[in-house]
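Report on one structure; see the data block that follows.
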Amino acid sequence: MTTDVSPAGRPTELTQLTLVEAMALLRRRAVSPVELAQACIARIERVNPALNAFITVTAEEALRQAAEAEAEILRGHWRSPLHGMPLALKDLIDTAGTRTTAASAVFKDRIPAEDAEVVRRLKAAGAVLLGKLNMHECAYGGTSVPSHYGAVRNPWNPERIAGGSSGGSAAAVAAGLCIGALGTDTAASIRQPAAYCGVVGLKPTFGRVSTRGVIPLSWSLDHVGPLCRTATDAALLLEAIAGYDPLEPSSVDRPKEPHASALSERRAPLRIGLVRRPYFDNLDPEVEAVLDTAIGELASISAGVREVELPYSNVLMTIASAEAYAFHQPYFTRTPQLYQPMTRKRLEWAAGISAAAYLNARREMERLRCSADAAFLSVDLLVTPTTAIPAMTVESGYLDPPLPPDGIPVEIRNTHMFDVLGLPAISVPCGFTRDGMPVGLQIAGPRFAESRVLALAHGYQQLTDWHTRSPVLGDVAEAGRPA
């Protein structure tokens, strides 16, 4: 693998660079966009058989885009910090001329005629797109095991899940198959896989980033956001994809913000609120121990930590399921056998949701969103564990256990309310279990306070080194994909 020296002075494989490090090397002309793309493509060829993170690799198109970026940069035309950066997309984000499948046999031959709005923005920024990433079928779950293309494997241990539904996005970033990726989040699907794979995952405020051209799970709850290695990288990716889209009904007309530059601004220490119930209830003991340490570290860089409350509701399952069925009903009625068994079971259940149940849940969500910022009257940000448990085994991911009494599966218990409330939330790596599986810390803020959320995440990453650790993949990659 090609190596160089990062701006911090440490030797680094090209595929392990952060976006900021790669950008600095490009500006010094110490590396070219073509070399970055070639390094990622070579690593995909070597490692992806073990992880199954990619569904489609667009190597030829990526090298063409990289050559164009290189020529533009040599002429002094620098489009953005993403110019020449090798990124990848969750395979429910439309790409003109390249299949977009949602990891389902239903859409295996689907080739969109137009790019999703976020893809259009990435291309305008000069990004190099490596291909489409595997996921939980139709985004209807949190394991990325049910997929027409096979389960996504966790780079830290291929016998564990990568999380979902953006499992391929998180696994690809963690494994160095791309410098950054886009995922979507309806209940957990950016932050939970980020936690399980030891990377950063940001769910923006609802309406901050357009979802036009994204195969929906739930129009009322879907968010598009970045997965990468650092909070600074997440800020740069968010800047590229955020902005008003007049053709998307959920898009909010709000000025773009310089999230990345805001991280270096001096600001008063932030007041942190811990949401204990139910977010810290029944935590895996190792997750709890890691979080206790992380909270102590946050206290050292904040204006204090106090316990606060946040509204909690189970309306997400009704809303998301009813809207998922509304979208899939024509396909499900015609070819139910093409769906994975777990997805088919969930759609069958969703078909029974009454109009009254859906409308009541939807109205309750709107009420909660109107009052969401009240949680921040005495604090600036909220902190919780991203997940209550570490990543389960892939074998367990094939099961679909009954819902708990409150109707919220444990794997989304700590994340789903931030989708319901539409609040920005990020997961950052904060440690490991004894058997080497990553643990995530979740930071959330008021609506459109992404810069504040990113600032604390960045401060925490300046204090710790969890985000600099990478899984060792050589032996697994050489052995090929596990059985």
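The apolar share of the surface of the chain, taken as the fraction of accessible area on carbon and sulfur atoms (1.4 Å probe, ligands and nucleic acids excluded), comes to 53 percent. Taking amide H atoms as placed 1.01 Å from N in the peptide plane, the amide H of Gly131 lies under 5 Å from those of Thr58, Leu89, each 5 or more residues away in sequence or on another chain.
Close amide H pairs (under 5 Å, H built 1.01 Å from N) link Val275 with Val308, Val383, residues at least 5 positions away or on another chain. Peptide packing for 38-51, 455-468 was compared via the average number of neighbouring C-beta atoms within 10 Å per residue; ordered from the highest value, the list is 38-51, 455-468. Phi angles of segment 72-88 translate, via the Karplus equation with coefficients 6.51, -1.76, 1.60 and θ = phi - 60°, into HN-Hα couplings of 5, 5, 5, 7, x, 9, 9, 6, 5, x, 8, 4, x, 7, x, 10, 9 Hz per residue; Gly and Pro are given as x. Simple spin-label estimate for Ala355 and Ala59 gives 5.4 nm between the two label positions (7 Å along the Cα-to-Cβ direction from each Cα). Averaging the Cα positions of each part gives two centres, and for segment 168-212 and segment 373-452 these lie 13 Å apart. Rounded to the nearest whole Hz, the Karplus-based 3J(HN,Hα) values (6.51 cos²θ - 1.76 cosθ + 1.60, θ = phi - 60°) of segment 113-128 follow the sequence 8, 10, 6, 4, 4, 5, 5, 4, 5, 5, 5, 5, 7, x, 5, 9, with x at glycine and proline. With Cα atoms as the point set, segment 326-483 shows a radius of gyration and Dmax of 19.9, 54 Å.
The Cα-based radius of gyration of segment 264-358, divided by its Kirkwood radius, gives an Rg/Rh of 1.22.
For mean projected area of the Cα convex hull in nm², the value computed from the atomic coordinates appears in the list [x] 22.8; [y] 24.9; [z] 20.7 under label [z]. Here the Karplus curve 6.51 cos²θ - 1.76 cosθ + 1.60, taken at θ = phi - 60°, turns the phi angles of segment 310-320 into couplings of 9, x, 10, 8, 9, 5, 4, 4, 5, 5, 4 Hz, with x standing for Gly and Pro. Here the spin labels are modelled as points 7 Å beyond Cα on the Cα-Cβ line, and at Leu463 and Ile111 they lie 5.2 nm apart. For a straight C-alpha distance cut-off of 17 angstrom, the lysines reachable from Lys108 (same-chain residues fewer than eight places away being disregarded) are Lys90, Lys132. At a Förster radius of 35 Å, what calculated FRET efficiency corresponds to the Cβ-Cβ distance of Glu72 and Ala262, to the nearest 0.05? Plugging the Cβ-Cβ distance into 1/(1 + (r/R0)^6) gives 0.80.
Think of a 1.4 Å ball rolled over the protein heavy atoms: the chain then has 37 Å² of accessible area per residue.
Each peptide in 411-423, 121-133 receives the mean, over its residues, of other Cβ atoms within 10 Å, and ordering these scores from highest gives 411-423, 121-133. Taking amide hydrogens as placed 1.01 Å from N in the peptide plane, the amide H of Gly84 sits under 5 Å from those of Ala127, Val128, each at least 5 positions away in sequence or on another chain. From the P(r) of segment 28-104, could you give the percentage of C-alpha pairs in the tail past 14 Å? Percentage above 14 Å: 66. Straight Cα distances below 15 angstrom link Lys123 to the aspartates and glutamates Glu61, Glu68, Glu70, Glu72, Asp94, Glu114, Asp115, Glu239, with same-chain residues fewer than 8 positions distant left out.
For the listed peptides 161-170, 295-304, 323-332, a ranking on the average number of other beta carbons within 10 Å per residue, highest first, reads 161-170, 323-332, 295-304.
The values are calculated or read from the model by the stated rules, or taken from the named source; none is laboratory data. This is a predicted model, so every value here is computed, not measured. Backbone-built Cβ (ideal geometry, glycine too); neighbour counts: all protein chains shown. These area figures cover heavy atoms from the full protein model, side chains too; ligands, DNA and RNA do not enter into them. Shrake-Rupley method; radii C 1.70, N 1.55, O 1.52, S 1.80 Å.
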